[in-house]
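Report on one structure; see the data block that follows.
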Amino acid sequence: VKVPRNFRLLDELEEGQKGVGDGTVSWGLEDDEDMTLTRWTGMIIGPPRTHYENRIYSLKVECGQRYPEVAPTVRFVTKISMNGINSNGVVDSRSIPILANWKNTSSIKAVLQDLRRLMTSKENTKLPQPPENQTYGN
């Protein structure tokens with residue numbers, strides 16, 4: 001069953017507003033007036049026992065007109081050193097499992113959770129991080 005884009009995104013918005021889950025990721029519209037439901041913000045709290053611990057990472061998520069059939073584009077606003085993230089903070093969809101294998105049942109929440117999970121992977125966990133609170137230029 002193909003759910004219309006706006007219905008799907010309104011469900012995701014509602015879930016984000018309710019704060020479902022353990023609070024380690026959150027998401028919402030960048031601008032409450034955005035009737036197209038295109039531009040979102042995300043937040044990930046760095047996992048414990050990693051170089052990301054006690055850091056809050058802000059992200060921008062863009063859900064194009066073909067979402068959820070096509071994966072969103074994701075970009076870190078907060079500087080981060082992590083495999084699959086380029087020097088401008090853009091998430092390489094080919095190197096992040098949920099984006100590389102996108103299904104129309106996937107969600108913004110699932111993308112944020114996958115990125116947080118990857119922070120705990122061996123290749124990322126010990127990467128030295130930029131000073132806190134630095135952001136990428138737009």
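The values are calculated or read from the model by the stated rules, or taken from the named source; none is laboratory data. Computed from a predicted model, the values in this text were never measured in an experiment. Glycine gets a Cβ as well: all are built from the backbone with ideal geometry, and neighbour counts include every protein chain shown. Protein only, heavy atoms only, side chains kept; ligands, DNA and RNA dropped before computing areas. Shrake-Rupley method; radii C 1.70, N 1.55, O 1.52, S 1.80 Å.
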Tell me which GluC sites (Glu not before Pro) from the stretch 33-121 have a DSSP coil assignment and no more than 10 other beta carbons within 10 Å of their own.
33
Surface share of carbon and sulfur [accessible, 1.4 angstrom probe, percent] for the stretch 1-75:
51
Once each part is reduced to its C-alpha centroid, what is the distance from the stretch 14-47 to the stretch 101-138 in angstrom?
15
Which lysines, if any, have their Cα less than 19 Å from the Cα of residue 60, not counting same-chain residues under 8 positions apart?
79, 109
Note to self: with every protein chain in place and a 1.4 Å probe, the chain gives an accessible area per residue in Å² of 57
Unit charges on C-beta of K, R, D, E only; dipole of the stretch 8-138, Debye
660
Between helix 5-18 and the chain: long-axis angle, C-alpha atoms, 0 to 90°, nearest 10:
50
Between helix 108-119 and the chain, what is the angle of the helix's C-alpha long axis to the longest principal axis, kept within 0 to 90° and rounded to the nearest 10?
10
In straight Cα distance, which aspartates and glutamates are under 20 Å from residue 122, not counting same-chain residues fewer than 8 positions off?
53, 92, 114
